[in-house]
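**Student:** Here's a structure for you.
The values are calculated or read from the model by the stated rules, or taken from the named source; none is laboratory data. This one's a predicted model, so the numbers in the text were calculated from it and none came from an experiment. Because the Cβ atoms are built from the backbone with ideal geometry, glycine has one as well, and the counts that use them run over all protein chains shown. Heavy atoms of the whole protein, side chains included, go into the accessibility calculation; ligands, DNA and RNA do not. Shrake-Rupley method; radii C 1.70, N 1.55, O 1.52, S 1.80 Å.
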Amino acid sequence: MSLTNTKRLVIKVGSALIAPQQDGCKARYLLNIAQFIVRARAQGVEVLLVSSGSVAAGAHHFKNPDRSNIAIKKAMAAAGQMEMMSTWDRFFDFPSAQLLMTHADLRDKERYESIRQTLFSLLDEGILPIINENDAVTTEHLKVGDNDNLSAMVAAAADADTLIICSDVDGLYDQNPKTNPDAKLIKEVNTITTAIYDMTGGPNSAVGTGGMRTKLEAAEKATSHGIATYIINGFDESTFNALLDGDNPGTLFTPFKNPMEEAQHWMTHTAAEHGELVVESEGLQNSEELNCEEILSVEGEFSAGETVLIKNTKGERLAKASSNYSSCLLNFITQNTDGINTSQMQNSIGPIISKNDIAVLERKQS
């Protein structure tokens, strides 16, 4: 796997690179990243930039801000977003475009498709999309929460073949390299297992909100879509030279040989769960119908067409799917005490989950 084979890439840059001291955007680290983007485009690679940092960039406009105050943080994001965009824009001699989005935009199928078409149109015109979560307006319920996972969702939406996540360490280590000098860098990961997740700890940076765990979550999302994913040291200029030379300066997560189809990937990794269906099955298969007699109980409230989690009686997550019927109707069916024949009801309403609207969830290996 080599960056020299890449046609379209997404690079994610965090707050610690944007505004290291939280006193406005600084060019110290961004210039190297901007030069990498310029050189990659010169080699014929289409680039999308996912940039955190609006809150950190806007903090210096506020005197002694109360960071526990959500409204203040939103205001800092609004002020910092302008500064961050102008900082990026001055590095380039080609046009850039700002896209701000929330999880609500990504988990709604129609809006998700709209985002895809906007990204494709920008890339067709040679315009650099610069993407960030809309921190100024998003709520706890609607936010993705970290730009590592957002970058993976964007990479999937954009049909990218490479995702590069900048970190403050060289990649994934078997132990925390900041506290253990014997920690060893893992150069390549073919399968993200429970054991791989166990290597991660909390966030290393005092500025960013994402630690190594969120980077692994992003890598898992991206590789399942067939996207090669790198975690690299964004503070080291030589890292970007190595990437352009086709070398691996960090940790490479190899893509699935048989990646998920677009609809299955969106259902699994982006669509939000509005409720749950409990079934007896130990496992499910993609393209398998789910009928009303197989449902033991319904949890939560959801409308027809919304995404639900399917789990078994042990609480194990089996699949995510689009429900053909609301929780109200399904509760009526599962709690039927009036002697209505369930098979007759099934014949009249059809499957609860249709064959093409289910995505089986992979269970991580230990």
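**Student:** So is Ala304 open to solvent by 40 Å² or more (accessible area, probe 1.4 Å) and either farther than 30 Å from Ser114 by Cβ or at pLDDT 75 or above (or both) or not?
**Tutor:** When the stated conditions are applied, Ala304 passes them.
**Student:** For region 81-116, how many residues are open to solvent by 20 Å² or more (accessible area, probe 1.4 Å) and of a type in the set (Phe, Trp, Tyr)?
**Tutor:** 3
**Student:** Related question: Taking interchain pairs and intrachain pairs at least six residues apart, which have beta carbon atoms under 6 angstrom, with the first residue in region 215-230 and over 16 Å from Cys166 (Cα atoms) and the second among the aromatic types (Phe, Trp, Tyr) and open to solvent by less than 10 Å² (accessible area, probe 1.4 Å)?
**Tutor:** Matching pairs, first to second residue: Thr223/Phe253.
**Student:** Return the total of residues in region 228-268 being open to solvent by less than 30 Å² (accessible area, probe 1.4 Å), more than 17 Å from Ala40 (Cα to Cα) and aliphatic (A, V, I, L, M).
**Tutor:** The qualifying residues number 3.
**Student:** Which one is nearest to Gly211 (Cα to Cα) among residues in region 25-76 that are touching a residue at least 24 places away in the same chain (Cβ under 8 Å) and open to solvent by 60 Å² or more (accessible area, probe 1.4 Å)?
**Tutor:** Across region 25-76, the extreme among qualifying residues is Lys73.
**Student:** Turning to a different aspect of this structure: Does Ala79 meet the test of being free of Cβ contacts under 8 Å to residues at least 40 places away in the same chain and not basic (Lys, Arg)?
**Tutor:** When the stated conditions are applied, Ala79 passes them.
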